[in-house]
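A.B. asks: Quick one: the structure is below, questions incoming.
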Amino acid sequence: MECLMRHLKSSLLFVALIGAQLVAHGCATASSPDRPSSAKHDAAPAQAPQEHMSPQHISSDDLPFRAVGPVAEVNGKIITAAEFNQEMRLRARTLAGKEAPHEAVQSLKVETLERLIDRALADQAVANSGVEVTPSVVDAELRAFKAKLPSEDVYAFYLADVGITEAEFRQQLAKNYQLRQLVVEKYGIGERDIALEHSQRAFIESLRRAASIRRMEDNIQAGIRPATADAPVSQKEDSQAGESAATGANAKQPVDKEEVRKKLQDQLRQTR
């Protein structure tokens, strides 16, 4: 069966850059198409384990790397420890319960930090763009997204597994639309142009070249122990890392997804 990520690649575009980490249960993790093409952080990520673990169930102490303070400053905007740790939770699932090469583990630190920098740059570009997006446009974006999925259950699984609400996902889709319009306008291409993906990467690279970026990698520490699914995440963990604010994803309680998982597995078997 083709990995579900491939079915969504053309419609997701920059969604991964702005926080929507698409999870396809049972699919191997491919190299992220949304990351800059710079060779310095192109190391291949580890393969996703068959037993999937929700990010809400990975303690900060179980992460391969954990931030204890701000990790970067992008054009004056601080990327917090809480943001880094939540992003690391999402990416650490590729290592949970699996013997991963040392290089794959080490690459997570750089890839996670660079992804957050790209996200901050994208958010800033969108905020300064003046591109308007109406509720009807977001409705159309959501319909297009769902059309790439085998069923509504897969969509429900994604929201529950990542730990975001539909309202939050709609905000991400709105940013995705705005950023896509910026790329189309800058490079004079159509939304369905085969060069769009390359232009997206070039756009992020242009933002990087013009940006003031200060990395604070000394605030990123190696993890204490291998990732397990034993300890739920609390807001207190990241606030004790030296920052008072935790991300919205950390504030959410773990979601019971067993029924959704069962339906998703059945759906994936039927699509093979």
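The values are calculated or read from the model by the stated rules, or taken from the named source; none is laboratory data. Not measured: the values here are computed from a predicted model. Heads up, the Cβs are rebuilt from the backbone with ideal geometry, glycines too, and the neighbour counts pull from every protein chain shown.
A.B. asks: So, in segment 157-167, how many residues would count as being crowded, with 17+ Cβ neighbours inside 10 Å and part of a helix (DSSP H, G or I)?
C.D. replies: So the count comes out to 6.
A.B. asks: Sticking with this structure for a sec: Under 6 Å between Cβ atoms, at least 6 apart or on separate chains: pull out the pairs that start in segment 204-217 with a residue that is in contact (Cβ under 8 Å) with a residue 24 or more places away in the chain and farther than 10 Å from Ile117 by Cβ and end on any residue that is in a loop (DSSP other than H, G, I, E, B) and of a type outside the set (Gly, Ala, Ser).
C.D. replies: That search, which allows pairs on different chains as well, returns Glu205/Pro36; Ser212/Asn75; Met216/Pro70; Met216/Val71.
A.B. asks: Kindly evaluate Glu114 against the criterion of being assigned to a helix (DSSP H, G or I), in contact with a His (Cβ under 7 Å, 6 or more places away or on another chain), at negative phi and among the acidic types (Asp, Glu).
C.D. replies: Against the criterion (assigned to a helix (DSSP H, G or I), in contact with a His (Cβ under 7 Å, 6 or more places away or on another chain), at negative phi and among the acidic types (Asp, Glu)), Glu114 qualifies.
A.B. asks: For residues in segment 184-209 being among the hydrophobic types (A, V, I, L, M, F, W, C) and either assigned to a loop (DSSP other than H, G, I, E, B) or more than 22 Å from Glu111 (Cβ to Cβ) (or both), which is modelled with the lowest pLDDT?
C.D. replies: Ile194
A.B. asks: Within segment 130-153, is there a residue that is surrounded by fewer than 18 Cβ atoms within 10 Å (Cβ to Cβ), without any contact (Cβ under 8 Å) to a residue 40 or more places away in the chain and within 19 Å of the chain's Cα centre (by Cα)?
C.D. replies: For segment 130-153, residues surrounded by fewer than 18 Cβ atoms within 10 Å (Cβ to Cβ), without any contact (Cβ under 8 Å) to a residue 40 or more places away in the chain and within 19 Å of the chain's Cα centre (by Cα): present.
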